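One structure is given below, encoded as structure tokens.
Taken together, the values in this text are just the output of simple stated rules run on the coordinates, not laboratory data. Nothing here was measured: the structure is a model prediction, and the numbers come from that model. So basically every Cβ, Gly included, is an ideal-geometry build from the backbone, and we count neighbours across all protein chains shown.
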Amino acid sequence: MPTIFDELLDLFHAYLAGVDNDLVSQEVARISWKMPARPLEPRALGCLGHLDRIAELAPTDAKPLARLVADQRGALRWGQTYTAADFGQDFIDNYGWLEVFGTRGHFVNDEVAAGLLILGPDIVYPDHHHIAEEIYIPLTGGTEWRMGEGGFQLRDAGEVIHHASNVRHAMRTGEEPLMALYLWRGGPLAQKSTIGPMVDLGGRG
Ligand SMILES: [Fe+2]
């Protein structure tokens, strides 16, 4: 009998396999999809209240995944890396992630971490960066993303956004919530991001 976690991994894989993008296809091919399950205690967060709207907003290809996550939210272990001291209480009440696989997710993977990020409406996720290379695919549209020195750009559901190692990035939602699929590779996979603009560590005279 497949568990809801098997179903989650299958739908996550199926969604990614359907994305028409070379970077994503390479990742899908590199990942070994037979991963051992990791038993985790469920953990709920305030942001889960946005899941019904997210499941409504998700386009056809992302809807089975969004629907499963909404229906099974109570069985899943939701996490936060930040605290109210980082970005304020409103952020904390409207932010969370689900690690599907990785060093602490529902399936064990030491090479790649992947999961789903939720942000409620009218939330700014300020500039941050990390060593791991990252691919994001928003599963709902209408949010703005920026990277490096660029300005905010509206991104539609299904667009592939690539953050190279240590490139700073930020996002902000509008009147609707966001769910975005993420893949992390090549750095400490459970590392808290560094907040703020890039810091020159000096030592170059
Ligand atoms: Fe990131």
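So if the hydrodynamic radius of region 1-80 is defined as the Kirkwood radius over C-alpha pairs, what does Stokes-Einstein give as its diffusion coefficient at 37 °C and 0.692 mPa s, in µm² per second?
The Stokes-Einstein estimate is 235 µm²/s.
What range in the chain is the longest one free of trypsin sites (Lys or Arg not before Pro) that are in a loop by DSSP and have at most 10 other Cβ atoms within 10 angstrom? Answer from the scan: 35-203. Once the convex hull of all Cα atoms in region 110-176 is built, its volume per residue stands at 85 Å³. Once each of the GluC sites (Glu not before Pro) sitting in a DSSP loop with at most 12 other beta-carbon atoms within 10 Å is removed, the chain keeps 1-148 as its longest stretch. Listed values for region 172-186 are Karplus-derived 3J(HN,Hα) couplings in whole Hz (6.51 cos²θ - 1.76 cosθ + 1.60, θ = phi - 60°), namely 9, 9, x, 7, 10, x, 10, 10, 10, 7, 10, 9, 10, 9, x, and x replaces Gly and Pro.
When only the Cβ of Lys, Arg, Asp and Glu is charged (+1, +1, -1, -1), the dipole of the chain relative to its Cα centre reaches about 500 debye.
Averaging the Cα positions of each part gives two centres, and for region 146-164 and region 33-61 these lie 23 Å apart. Distant-in-sequence amide contacts of Phe107, defined by a placed amide H-H separation under 5 Å and a gap of 5 or more residues or a different chain, comprise Arg38, Phe101, Gly102. Which one, Pro36, Leu154, Ser25, is farthest towards the positive end of the dipole of region 1-155 when Lys and Arg carry +1 and Asp and Glu -1 on their Cβ? Farthest towards the positive end: Pro36.
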